[in-house]
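The values are calculated or read from the model by the stated rules, or taken from the named source; none is laboratory data. Here the structure is a predicted model, which is why all the values come from computation and not from measurement. Cβ atoms come from the backbone with ideal geometry, glycine included; neighbour counts cover every protein chain shown. Remember, those area values only see protein heavy atoms, side chains included, never the ligands or the DNA or RNA. Shrake-Rupley method; radii C 1.70, N 1.55, O 1.52, S 1.80 Å.
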Amino acid sequence: MAIDRRTFVAATTAGLAMSAAPRAMAKAVKAPPGPFPADFIWGAATAGHQVEGNNINADCWLLENVKGTAYSEPSGDAANSFELWRTDLELAKNLGLNACRFSLEWARIEPEPGQFSVAMLDHYKRIIEGARAMGLRPIVTFNHFTTPIWFAARGGWMNDEAPQLFARFCDKAARHLAAGIDHATTLNEPNLAGLLQLLLPSGLLEADKAMAAAAAAKLGVPAFLAGNAIYQPDPVKVQANLRAGHTAGKAAIKAVRGDLPVGVSLAMLDDQAAEPGSLRDAMREKLYNAWLRLAQTDDFVGVQNYERSIWGKKGKLDPPADARRNIMGAEVYPASLAGAVRYAYEVAKVPVMVTEHGVGTDDDTIRAWLIPEALTHLKTAMDEGVPVKGYCHWSLIDNFEWGFGYKFHYGLHTLDRQTFARTPKPSALVYRDYIKSHTAGA
Ligand code: IFM
């Protein structure tokens, strides 16, 4: 897709005036917090389609390569992590992490409906066992956006059978893999497209719609809906099916291993009210609350935060003029993570796991500044009583950033796309040193 959260943010900040209130909210935390608990989970995250490469049975692969694609380039070999997963685990280990978050590729495991690949399940089992052998707790996302082509060709999450199809996949994957998993999430950012639907300029939605139509025509099916589709003919139905999918998928995983902590990872801005009567509460209700209420029955809620949103009475306000900016021009605001985490806990009332946080930028000094600042704010929230189990930085390595291809960089390590060499950026060492000096007993 040619659009992501950052496009959405850029689109919705345009042309709106900034009030004085946001400046006041940008103040730093007051007291330096104490160390993170010794059992705090420190990780870095990746996702199958974005790093593995040659994920040819996935919906995105078809979209990236269809005539009229809205993607800027195809994923191709990605970071070749399908081969180099052990190298990736070593990168995490070298940073002093005790966890790694990665996803299963449904399209590899179930390339045709009902046909499950034991070889592919074994592949993920080797990664899980390899991580454990290195002292890394595997945090496994059962589905990170991409679905098999056959699933998308049946209408994807529009299809009323989708929740059960997902649950069947979760059952098979859990039977093979659950024993070694430390924490599981069912879906990644299932609320993202619903959120984008509300606010994106229609031109961008039209490009996504046209690409889906081209894929449907190529396959000769009435509709093709990818797991990361922004244009959705019936977003309310998609959201309902995704929530049912989470519930059914979690039940399937729990039926295999009841003591495995299972949650869902949500895309969350840190929504702030600039003035009385602002749209903040209405936006929270629209964007997250149904999911956060559902998460009340989960073991934890995954929070994925990159930005804040300052809401006035009429819409989203511009950030301060002197704000540091990410590659999309949106504000990089270190306290946003703690703000999103506080709200997630306020509604979900279950422990939080930060399953993603980071910044898309070519200026690694921004990332090196963001990480310690954001973690210090996070620890302050924990000291206030918010239970946070862990933090996973997005991402371990530069990778395929969906519609933006390889031009957007979120990694703690650079990626050479010819040799697949990974090189730590200075920010990776900042993260490593922060963990070392801010963890009890480390
Ligand atoms: O790359 C994505 C990831 O797939 C989901 N969360 C946001 C990241 C950065 O845009």
Give the ranking of R367, R284 by solvent-accessible surface, highest area first, calculated with a 1.4 Å probe. R284, R367
Probe 1.4 Å, heavy atoms of protein chains only: per residue, the accessible area of the stretch 197-345 in Å² is 37 Å²
Stokes-Einstein translational diffusion, the stretch 109-217 - Kirkwood Rh over all Cα pairs, 0.890 mPa s, 25 °C, in µm²/s: 154 µm²/s
Among K172/K389; K237/K286; K349/K389; K209/K316; K172/K218; K209/K237, which pairs are too far apart, with a Cα-Cα distance over 19 Å? K172/K389; K209/K316; K172/K218
Rounded percent of accessible protein surface that carbon and sulfur make up, the chain, 1.4 Å probe: 55 percent
Between the stretch 229-251 and the stretch 151-191, what is the separation of their alpha carbon centroids in Å? 11 Å
Which Cα, out of T376, G249, S202, lies furthest along the positive dipole direction of the chain (beta carbon charges, K/R +1, D/E -1)? T376
Count the DSSP beta bridges whose two residues both fall in the chain, then state the antiparallel fraction as a percent rounded to the nearest 5. 15 percent
Using +1 on the beta carbon of Lys and Arg, -1 on that of Asp and Glu, and nothing else charged, what's the dipole of the chain about the Cα centre, debye to 20? 560 debye
If you count only protein heavy atoms with a 1.4 Å probe, what accessible area per residue comes out for the stretch 62-178, rounded to a whole Å²? 36 Å²
The local net charge around D182, scoring Lys/Arg +1 and Asp/Glu -1 for residues other than D182 whose Cβ lies under 11 Å from its Cβ, equals +4
Length-normalised contact order of the stretch 72-221 in % [C-alpha pairs under 8 Å, at least 6 apart]: 25 percent
Global form of the chain, assessed from the alpha-carbon gyration tensor, a/c cut-off 1.5: rounded
Computed ³J(HN,Hα) along the stretch 275-281: with the Karplus parameters 6.51/-1.76/1.60, θ = phi - 60°, integer Hz and x for glycine or proline, the list is 7, x, x, 5, 7, 3, 5
Residues with amide H under 5 Å from that of V352, placed H, sequence gap 5 or more: V301, V388, K389
Amide H neighbours of E189 at under 5 Å, excluding residues fewer than 5 places away on the same chain, with H built from the backbone geometry, are S265, L266, A267
How big is the gap, in Å, between the Cα center of the stretch 285-363 and the Cα center of the stretch 37-98? 23 Å
For the stretch 327-409 the mean separation of alpha carbon contacts under 8 Å (6+ apart) over residue count, i.e. relative contact order in percent, is 39 percent
What percent do you get for the relative contact order of the chain when only Cα pairs under 8 Å and 6+ apart count? 21 percent
Tell me, what HN-Hα J-couplings in whole Hz come from the Karplus equation 6.51 cos²θ - 1.76 cosθ + 1.60 at θ = phi - 60° for each residue of the stretch 135-142, using x for Gly and Pro? x, 9, 7, x, 9, 10, 8, 6
Heavy-atom accessible area ranking, 1.4 Å probe, most first, across M211, M382: M382, M211
Would you please give the residues with an amide H less than 5 Å from that of H393, counting only those at least 5 places away or on a separate chain, with H modeled from the backbone geometry? G43, A44, A45
Sum up the charges of everything whose Cβ sits under 14 Å from the Cβ of F420, counting Lys and Arg as +1 and Asp and Glu as -1, but leave F420 out. -4
Which ³J(HN,Hα) values in Hz, rounded to whole numbers, follow from the phi angles of the stretch 319-326 under the Karplus curve 6.51 cos²θ - 1.76 cosθ + 1.60, where θ = phi - 60° and Gly and Pro get x? x, x, 4, 8, 5, 6, 10, 8
Can you bin the stretch 178-321 into rounded, prolate or oblate? Criterion: square roots of the alpha carbon gyration tensor eigenvalues sorted a ≥ b ≥ c, rounded for a/c under 1.5, prolate for a/b above b/c, oblate for the rest. oblate
With unit charges on the beta carbon (Lys/Arg positive, Asp/Glu negative), name the residue among A162, N80, S117 whose Cα is farthest towards the positive pole of the charge dipole of the stretch 47-198. S117
May I ask for the net charge around S81, where only other residues with Cβ less than 9 Å from the Cβ of S81 are counted and Lys, Arg are +1 while Asp, Glu are -1? -3
By its C-alpha gyration tensor, with a ≥ b ≥ c as the square roots of the eigenvalues, how is the stretch 301-421 shaped: rounded for a/c under 1.5, else prolate for a/b larger than b/c, else oblate? oblate
